[in-house]
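Readers should treat all values here as calculations from the given coordinates under stated rules, not as data from a laboratory. Remember, predicted model here, so these are calculated numbers, not experimental data. For neighbour counting, all protein chains shown are included, and Cβ atoms are generated from backbone atoms with ideal geometry for every residue, glycine included.
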Amino acid sequence: MRGKQAKKHIIEPDGKYNNLVVAQFINYVMKNGKKTVAEGLVYGAIDKLAETTKLGPEEAFQRALDNVKPKIELRSRRVGGANYQVPVPVTEKRQWSLAMRWILKAATDSRAGKNYSTSLYNQLFSAYNKEGSAVKKKEDVHKMAEANKAFSHLTW
């Protein structure tokens, strides 16, 4: 590894739920430094999810993300001139960030004339019900890892 290690950014918990995961999600949604806009979108989607599921807002959001979090992923490893896709367990922090990224990508892709808050709610609700494109992405990653488990002895 070259150069200095980047310093870890300390994220403050969000204002409404005092939750670090929600704060991280807001930061992922934020564009051009417009945090207030991102907070409005995320809080609107989470509140709507809580109404629909009849759970607390944090618990409903947590469950939706838990259904998308991958346990294992593939990393490319070069051995003797050939590249192998090696299945590797995913750290907790990376599980959260991948789940958030996949949900936001699915919300952006499925927008189709709806406002972003509605699209985000739809993706969170699909994830809560273990369906939708974010959950499909997780299942695809797990299937690929299962298919390549013969190379698991090549881990670092």
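Among rounded, prolate and oblate, which fits segment 12-54 when a ≥ b ≥ c are the square roots of the eigenvalues of its C-alpha gyration tensor, a/c under 1.5 means rounded, and a/b larger than b/c means prolate?
oblate
Is there a quick way to get the dipole size of the chain? I mean about its Cα centre, with the Cβ of Lys and Arg at +1 and of Asp and Glu at -1; what is the value in debye to the nearest 20?
For this selection, approximately 760 debye.
By the gyration tensor of its Cα atoms, with a ≥ b ≥ c the square roots of the eigenvalues, what is the shape of segment 1-131: rounded for a/c under 1.5, prolate for a/b over b/c, or oblate?
prolate
Pick from 123, 24, 85 the residue whose mean-square fluctuation is largest in a GNM of the chain, springs joining Cα atoms under 10 Å.
85
What number, rounded to the nearest 500 deg cm²/dmol, is the helix-based mean residue ellipticity at 222 nm of the chain, given -39500 (n - 2.57) per DSSP H run of at least four residues and division by all its residues?
The helix-only estimate for the chain comes to -17500 deg cm²/dmol at 222 nm.
Identify all lysines with a Cα-Cα distance to residue 4 below 22 Å; exclude those on the same chain that are fewer than 8 residues away in sequence.
Partners found: 93.
What percent do you get for the relative contact order of segment 20-154 when only Cα pairs under 8 Å and 6+ apart count?
29
Could you please report the charge total around residue 143, scoring K, R as +1 and D, E as -1 over all other residues with beta-carbon less than 14 angstrom from its beta-carbon?
Cβ neighbours under 14 Å give a net charge of +1.
Among 43-52, 88-97, how do they line up from the highest to the lowest mean number of other beta-carbon atoms within 10 Å?
Answer by packing, highest mean first, reads 43-52, 88-97.
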